[in-house]
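Here's the structure we're looking at; comments come further down.
The values are calculated or read from the model by the stated rules, or taken from the named source; none is laboratory data. Note that the structure is a prediction, hence the values are computed from the model and not measured. Please note: Cβ atoms are built from the backbone with ideal geometry, for glycine as well, and neighbour counts cover all protein chains shown. Side chains are part of the model used for accessible areas, which takes the heavy atoms of the whole protein and leaves out ligands, DNA and RNA. Shrake-Rupley method; radii C 1.70, N 1.55, O 1.52, S 1.80 Å.
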Amino acid sequence: MHSKALEVLEFGKIKEMLAREASTSLGRGMSMSLQPCDPDSAKDMQKLGREILDVLSRTTAPSLYAASDVRPRVHRAGQGVVLTGQDLREILNVLLAMDSLSRWLEHVEGQYPALYAMRGKVPRLPSLRTRLDATIDEDGLVRDSASPKLSSIRRSLKEYQDRLRRRAEEIARHRDISQYLQEAIVTVRNGRLVLPVKQEFAARIPGLVHDQSSSGQTLFLEPVEILEMGNQLRRLELQERDEVERILAEVSGLVGESSDALTKGVTALAEFDLGLAKARLALKWKGSFPDIVHGPRLHLREAWHPLLKGLPVPMNIDLSLDGVRTVVITGPNMGGKTVALKTCGLLSAMALAGMPCPCRGDTAIGAISDVLLDIGDQQSIEESLSTFSAHISNVKMILDNAGPGKLVLVDELGAGTDPLEGAALGLAILRRLNDSGALSVITSHFTELKLAAETNPGMQNASVEWDSVNLKPTYRLITGRPGRSNAFLVAKRLGLDPLILEEAKSNMSQEILQLEDVIADLEESSQKAREEALIAARERQLAESLKTQYESRLKSQERARKETLNEAKQEAAAIVSRARVEFEKAVREFRDKERLSGKELTARVQEMREKFRSVSQDLVPETAAPLSGEPLRPEDAVPGTMVYVAGFQDAATILEAPGSGDPAVLVRIGALSLRAPIENLRIAANVSSDRREPRPSASSIAMEKAQSVSAEVDLRGMTSDEAFLTLDKYLDDAILAGLSQVRVIHGKGTGALRRAVTEYLKGHRCVAESRLGEVSQGGSGVTVARLRSP
């Protein structure tokens, strides 16, 4: 595409947006170099971004932020140049990024040909990475561990530096020396430790002068006593420098040996970072990669201009060589016509550059080799061109180059001159463009162009919608319908004299006025239809919400009903458990009194146990109880009849027959009375009317707990309130378990808890009498309570 067209479409700003999504300078550089190309190349450029976008919906991206373009450094290393520590650090960062990318690619599952091919492009150089990591630190400095010799030199250097400074400080503090110094301190000049000696006493201290102050009053002198130590320190520093240079040369040689693999790896990182930037931009826009098709085609669905702020209004447009080739967009100023033009051109360029677009996934863009456009005021003082002259010059260039595969965008065709002449000229240009086979999007205010778009094959009207009630544009592009300029309506709302408006209308041809009226009726009908559709959508959404709430409440009520039934059955199970305890006590009493013979007693006991087992199984909580039995007829619904109710397992007794106006039957299930539809009732066969329901219990006590209560409770360390709560619950459990005597352990202490427990037991309904324990039972630290029979 021509660079001038891309500049007008602000394609460069889109590339900058893409570059900001890249993680590395590599990706940013490739982003800024993108250009539209042929469809096959554009498809290839999309592949990696498409696959990464799909993978990012399930996982995060690898970290590439430290990678940079080290290819020039790698090339120099391959030629034998010794790299600096900072150069080697950047190469190490690239190796770390390649490792991160390789691990990420290994965990990518699914059919991703481009990502699979990327695996082979990213080299693995573990030995080089390990060597660099052991040699260079985060600041690009050579580590002490780079070699044993360097470690030894730096250790000696550190020790010698400390010895030298300590000796210099001792000299500075010595009374025979400090009197000749400006200050008793040690400083550094030219890498040597020196003392600030007063000018007049310089001869008193033998040594080497390295510098003097700006006033000349102070000389910085290295005492002869530490001169040789300084020389030795310098020799160690030179040894360190030589060893560092040797290490850098060695490691640079290793980098040079891997230069080809590193260069390929850096290129692969750049390609991946570009694909990752495209995927991130698509996610940011909630957009997609358009389908690239062969043949001229522009099929935009819910597309919007990526430079718009706020919430852009999406547009749809469809142009093809065999269908609609030319669209004429009309409507009021500032309604979005120019934005629609630029959106068509910009998204075409973006798609053919392999970039994502802010559009729906079924958008398709075909072979568009160039964008020919005339947008904006092109007047030039230097070239003596008026607005109209510049417009016609651009149109001439467009007509010379228009043809299949070209996208033509013309803003305000024929404007800038006499309206009659401009309309006639615009109509001729419009027909020529349509006949050329180019895909064209034209904006205009001329009625003649609207009429031509309605009557000529390959043409179609479109309009930017105007809200005539609120007098503002909606920025919605409506295809298949021309638009109005709304000059009279706006002028009326702004207070222009109605007589002037009437006179203006009388100056217009009757045909144009009729067309404007038809368009106005279409706009009004469309606006009403859209408002009704919005109302219907809201009502449908409300209905769906109410349906969801109803279903949720219904499920909640069903769960509550089942929970209530289960709680009731658990209470009944506790009653059975209590009865079993009493039964076992009775068995023991029978056995003790020998009222029955052994065989008779055994038979009676077995019979009673079987009955308890049968009752216990019936009382096991269930999630649902099936409704079975013979349906109840209205004439059989008499008080006292035993029936089963849907949702309940136990039998119910009819209390009241259904009335003439109310078909529901009043029934009682245990302590619960309710009205149930007669169709939800079944006759309870083999159930007598005098069958007694289990009496509900006030507590829900598990069967196992009733049989495992201890004969003593420990209250030591509790406050009175805590002891009362614990003791009250324990006495209830002990009564249920059938205990006749319990021990309350409260300890001796100050006696306060003992007195409180004694008073509490005296007034408890379950306690017949209480006393302090005997010595063998714990003495005054224990109270023994005898319980009443339940």
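Assorted remarks:
- Kirkwood radius and radius of gyration were both taken over the C-alpha atoms of the range 191-338, and their ratio Rg/Rh is 1.51.
- A cut-off under 11 angstrom between Cβ atoms defines the neighbours of GLU225, and their net charge, with Lys, Arg +1 and Asp, Glu -1, is -2.
- By accessible area, using a 1.4 Å probe on protein heavy atoms only, the range 708-777 has 52% of its surface on carbon and sulfur.
- R0 of 45 Å, Cβ-Cβ distance ALA685-ALA533: FRET efficiency to nearest 0.05: 0.15
- Net +/- balance of residues flanking SER556 in space, Cβ distance below 14 Å, scoring K and R +1, D and E -1: +2
- Proximity of backbone amide H atoms, modeled 1.01 Å from N, is registered between VAL209 and GLU222 at under 5 Å, excluding neighbours fewer than 5 places apart on the same chain.
- Distant-in-sequence amide H partners of ARG189 (H built 1.01 Å from N, under 5 Å): VAL194
- Pairwise FRET efficiency - LEU308 versus ASP260, Cβ, R0 = 41 Å, nearest 0.05: 0.35
- Computed on the Cα atoms alone, the convex hull of the range 61-216 gives a volume of 199 cubic angstrom per residue.
- Dipole magnitude of the range 114-261 about its Cα centre (Cβ charges: Lys, Arg +1; Asp, Glu -1), debye to nearest 20: 280
- Percent of C-alpha pairs per 5 Å bin, the range 70-161, short to long: 3, 12, 16, 18, 15, 12, 9, 6, 4, 2, 1, 1, 0
- A straight chain from GLU551 to HIS107 at 0.36 nm per residue would run longer than the Cα-Cα distance by 155.7 nm.
- The percentage of C-alpha pairs in the range 224-309 whose separation is greater than 19 Å is 72%.
- Amide H contacts of ARG297 (H built 1.01 Å from N, in plane; Pro and chain starts excluded): GLY366, ALA367 sit under 5 Å, all sequence-distant by 5 or more or on other chains.
- Expected-Rg normalisation [2.2 N^0.38 Å, Cα atoms] applied to the range 159-234: 1.00
- By average C-beta atoms within 10 angstrom, highest first, the peptides 150-157, 632-639, 283-290: 283-290, 150-157, 632-639
- Karplus-based coupling profile of the range 183-189, in residue order and whole Hz: 8, 7, 10, 10, 10, 10, 9, with θ = phi - 60° in 6.51 cos²θ - 1.76 cosθ + 1.60 and x standing for Gly or Pro.
- Dividing the Cα radius of gyration of the range 715-790 by 2.2 N^0.38 Å, with N the residue count, gives 1.02.
- A probe of 1.4 angstrom, applied to the heavy atoms of all protein chains, finds THR564 with accessible area near 90 square angstrom.
- Space enclosed by the convex hull of the alpha-carbon atoms of the range 750-790, per residue, Å³: 56
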